[in-house]
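**Q** This is the structure, below, for whatever I ask next.
Laboratory data are not the source of any read-out in this text; all were calculated from the coordinates shown. For clarity, every value in this text was computed on a predicted model and none was experimentally measured. Glycine gets a Cβ as well: all are built from the backbone with ideal geometry, and neighbour counts include every protein chain shown.
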Amino acid sequence: MASKTNKEAPWSLRRRLLAAIVAASTVLWLASLGIVTVIAWQETNEVFDDALEESGYMIMAATTDWNERGLLPQAGASGEHGRKVDMQYQIVVDGRVIQRTGDAPLRPYVSNFDDDHGFAEALANGERWRVFVVRDEARNFEVQVGQQVDKRYDILEELADSLWLPVLGFLLLLALVCWVLTGRVLKPLRQTASSIAAKTPDDLAQVPTAGQAREVLPIVQALNGVLGRLDAALQAERRFTADAAHELRTPLAGLHMHVQLLQRQHPELAAPFQKLRQDIARLTALVDSLLTLARLDPLAREQLVRQPVPLPPLFERVAAMHAQEAAARGIALALRCEVNEVQADPQMLEIVLRNLVDNALRYCPDGSRIEIAAVQHAGHARIVVRDDGPGVDAQSRQRLTERFFRVLGQGQQGSGLGLSIVKRIADLHGIDLAFGPGIDGRGLGVTLDLPSL
């Protein structure tokens, strides 16, 4: 059990990121150090070679007769790019320069030097010099070798010119490697964010905690806690709605029977009792709609059992349910079915068509036309229910699927839940629901684009 527990322990995002960056930085640092060492070695060798060459000329100059004052032979150029060391020599006797190289000053670099040899800083001809002095007490002369400080800076600049491009290249490579490594290390974090972003308002399932990073795990657990509480609250609300609607059906049915009985016993009060019966029927329809929504809300798209649904008999059955009311009001109910069958839940699809036709009948005046059609459109089935009634303005169309929303000024009774039920069923099936103009540009048209299989 201990090994299993350790295996399932959350991994550390910080440790992985630190290990990846340290490993990449170490490898690239070692590689860059090797390249810098090679370049520095080459530059140092050139400097040492120049120093050897300068020393050779100095030794050659030292073999001359010191009584012959003048210039020492000028050192030749070292290679194509000139000398890197560029040292200038002076032979000083009794504080006077008796021989020197061409660029050396006329006066000694350093006067009254106390030690028999050593380094000193000097200012000559407006330039700063680094000077090495060596004295021969027996023969009473000294050699002063000087180099301009600016020449040393030139060597450093040349070294920097040789190094900046490789160093910059390795820095860019390090940035690229760190970018790739951090992207791979943070990939589980992006996957978790994608799974959370993909959730719909109806999907309150817990976010998996397996495989989460130790730093992300508290956030996921807190989110799961919120989802759990929200799901519990929604379930309680749905249970309350369903229970209340279910409990209301029986007393409403009994009330409807009592009113009908009283209407027969008191024919002189037929009109008030008829109005009361209509109100009870409206309340019963509202309870039925609430029960339907209470059953639909908890469902997920994956829970639907789709099966072939023959459309012609479904259209005829829906038309038969509303034929009596349509005939009584002189409303023409037309059917046009060019699609044999679709994949859907049969009961839910019938609820959709019933609600759409009932909605059209409720708001269309007498003598109107209502059409139920199914056609092929862009490779998928399209179901359209439209009429030539008063229609709905464009602003109100955007709110037609809101629960309990009713267009003002229609003068018709309703609960405002019919199109909400249609919208919920359409979402479960992945159907695109759209509202537009109806027959001949008048009225309202409802379009259902079923997804192609």
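**Q** Starting from the stretch 95-164, pick out the trypsin sites (Lys or Arg not before Pro) whose DSSP state is loop and whose Cβ has at most 16 other Cβ atoms within 10 Å. Walk me through the intermediate numbers first.
**A** On the way: sites: 96, 100, 128, 130, 135, 139, 151, 152; in loops: 139.
Within the stretch 95-164, the qualifying trypsin sites (Lys or Arg not before Pro) (loop, at most 16 other Cβ atoms within 10 Å) are 139.
**Q** Could you give the nm distance between label points at residue 39 and residue 210, where each point is 7 Å from its Cα heading toward the beta carbon?
**A** 5.2
**Q** Residue 256 to residue 123: extension gain in nm, 0.36 nm per residue of separation minus the Cα-Cα distance? Could you put the intermediate results ahead of the total?
**A** Numbers: separation 133, 0.36 × 133 = 47.88 nm, distance 11.97 nm.
Going from the current span to full extension adds 35.9 nm.
**Q** Okay, moving on. Around residue 451, with a cut-off of 15 angstrom between Cβ atoms, what is the net charge of the other residues, counting Lys and Arg +1 and Asp and Glu -1?
**A** Residues close to residue 451 contribute a combined charge of -3.
**Q** Tell me the Kirkwood hydrodynamic radius of the stretch 305-449 in angstroms, computed as one over the mean inverse distance between distinct C-alpha pairs. Don't jump to the answer; show the numbers that get you there.
**A** Numbers: mean 1/r = 0.0652 Å⁻¹.
Result for the stretch 305-449 stands at 15.3 Å.
**Q** How much net charge surrounds residue 207 when only the other residues with a Cβ under 13 Å from the Cβ of residue 207 are counted, with Lys and Arg +1 and Asp and Glu -1? Spell out each step's value before the answer.
**A** Values: positive: 199; negative: 203, 231.
Its environment carries a net charge of -1.
**Q** Can you give the net charge of the other residues whose Cβ lies under 13 Å from the Cβ of residue 125, counting K and R as +1 and D and E as -1? All intermediate terms of the calculation are to be shown ahead of the outcome.
**A** Details: positive: 100, 107, 128; negative: 103, 127, 150.
After counting each charged neighbour, the total is 0.
**Q** Let me ask you something else. Could you give the size of the charge dipole of the stretch 305-449 about its Cα centre, using +1 on the Cβ of each K and R and -1 on the Cβ of each D and E, expressed in debye and rounded to the nearest 20? All intermediate terms of the calculation are to be shown ahead of the outcome.
**A** Values: 16 positive and 17 negative charges, 65 e Å.
Roughly 320 debye for the stretch 305-449.
**Q** DSSP loop (so not H, G, I, E, B), at most 11 other Cβ within 10 Å: list which GluC sites (Glu not before Pro) in the stretch 99-188 pass both filters. Please report the intermediate quantities before stating the final value.
**A** Working: sites: 121, 127, 137, 142, 157, 158; in loops: 137.
Sites meeting the loop and neighbour criteria: 137.
**Q** Suppose R0 equals 51 Å; then what is the FRET efficiency for residue 306 and residue 154 from their Cβ-Cβ distance, rounded to the nearest 0.05? Each step should come with its number before you reach the end.
**A** On the way: r = 83 Å, r/R0 = 1.62.
Between residue 306 and residue 154 the formula returns 0.05.
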